[in-house]
1. For the range 88-221, compute Rh as the Kirkwood radius over C-alpha pairs and then the Stokes-Einstein diffusion coefficient at 37 °C and 0.692 mPa s; write the answer in µm²/s, rounded to an integer.
2. What's the Kirkwood radius of the chain in Å, using all Cα pairs?
3. In the neighborhood of Pro163, defined by Cβ-to-Cβ distances under 10 Å, what is the net charge if each Lys or Arg adds +1 and each Asp or Glu adds -1?
4. Near the amide H of Ala8, under 5 Å away, which other amide H atoms are found, from residues 5 or more places off or on another chain, if H is placed in the peptide plane?
5. Applying the Karplus parametrisation 6.51 cos²θ - 1.76 cosθ + 1.60 with θ = phi - 60° to the phi angles of the range 162-178, what ³J(HN,Hα) value in whole Hz is obtained for each residue in order, glycine and proline being reported as x?
6. Just need the relative contact order of the range 8-147 here, percent rounded to a whole number, with Cα pairs under 8 Å and 6+ apart.
7. What's the local net charge at Lys61, with K and R +1, D and E -1, over the other residues with C-beta under 13 Å away?
8. Go through Lys71/Lys137; Lys74/Lys138; Lys70/Lys137; Lys71/Lys96; Lys70/Lys104; Lys14/Lys71 and tell me which ones have a Cα-Cα distance over 21 Å in this structure.
Amino acid sequence: MGKDVIIACDFNSKEETLSFLGRFGERRPFVKIGMELYYAEGPVIVRALKERGHKVFLDLKLHDIPNTVKKAMKVLSDMDIDMCNVHAAGTIDMMKAAIEGLTKEDGSRPLLIAVTQLTSTTQERMESDIMINEPMKKVVAHYADNARAAGLDGVVCSPLESPEVHETCGEGFLTVTPGVRFADDDKGDQARVTTPAKAKELGSDYIVVGRSITKAADPLAAYERCMAEFTD
Ligand code: C5P
C-alpha cells in the first residue's frame, strides 16, 4: 500500500466538484467524499468520480447500533468505493458488524477504517464534553487497538498520533490522517495539525487534505506540493 494524498472534496454539488477536479488535467487524485457532498448528491457522485478514474474514500463516519451499521454497510458495499469508515466509539461489536455488512460474496471489500478522536477535538474538550480523562494519545491508541481487534484495516487520527498507533497495532495498520496544513496556512477549525512533511516523518500512511488544496489559488500546485512533501 503506497503512501498517498487524499483530497477532501468538501463541496456541495457534483458540478462544483467536477469543475474543481477539472483543474487537475490528466491527474486523477485519490478523493474523499464527505457528508456534505454525499447528502447532496447520493451515489451519483461516487459513480461519476469512479468513472473518471479516481479512487474514492467515502467518509460517512457511521456510528449506530451494530445491526443498522451492518445493513448500511451492505448498501455501501454495492458501490465501487475504495475506502469507507465508522466511528470506533461505536464499539468492537459495531465494527465487526460493519465488516460483515461490507464484505461481498466473493470475500472482497473496500478498506474499512475507524475514526478515533476527531482532529478538531482538543484534550480539554474531550475531558469536559465527553468525559474522557485519559491523555489523547492513549485514547487514540486504545480505539485503534479496538479497531484492529475487530479486523479493520486502520484508523483516522491526527498525524501526531501515527507513531503510537503503529506501535500499538503494527506498521501494517493504516493511519489515515487529516489535520494537515502547510506551515504558512491558517489552521481553521482543526486543532491537532501538522504539515505534510511532518506527517511523513511521523509515519502516516495517507494524508487527507481539504482546504489547503481546495481553497488554494492554484489547487494543482498545492496538491503537487503536498505530494512532494509527503511522498518523495
Ligand atoms: O479542510 P481540512 O483539510 O481541514 O479537511 C479535513 C477533512 O478531513 C474534512 O473533510 C473532515 O471532515 C475530515 N476529517 C477530519 N478529522 C477526522 C476525520 C475526518 O478532519 N478525524
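Coordinate-derived values only; no laboratory data. Because the structure is predicted, anything quoted here is derived from the model rather than measured. Cβ placement follows ideal geometry from the backbone for every residue including glycine, while neighbour counts extend to all protein chains displayed.
1. 210 µm²/s
2. 17.9 Å
3. Around Pro163, the charge tally is -3.
4. Result for Ala8 returns Lys32, Val209, Gly210.
5. 4, x, 5, 5, 5, 5, 6, 10, x, 5, x, 7, 6, 10, 10, 10, x
6. Once divided by the residue count of the range 8-147, the mean separation gives 19 percent.
7. For residues surrounding Lys61, the net value is -2.
8. Distance filter (> 21 Å) returns Lys71/Lys137; Lys74/Lys138; Lys70/Lys137; Lys14/Lys71.
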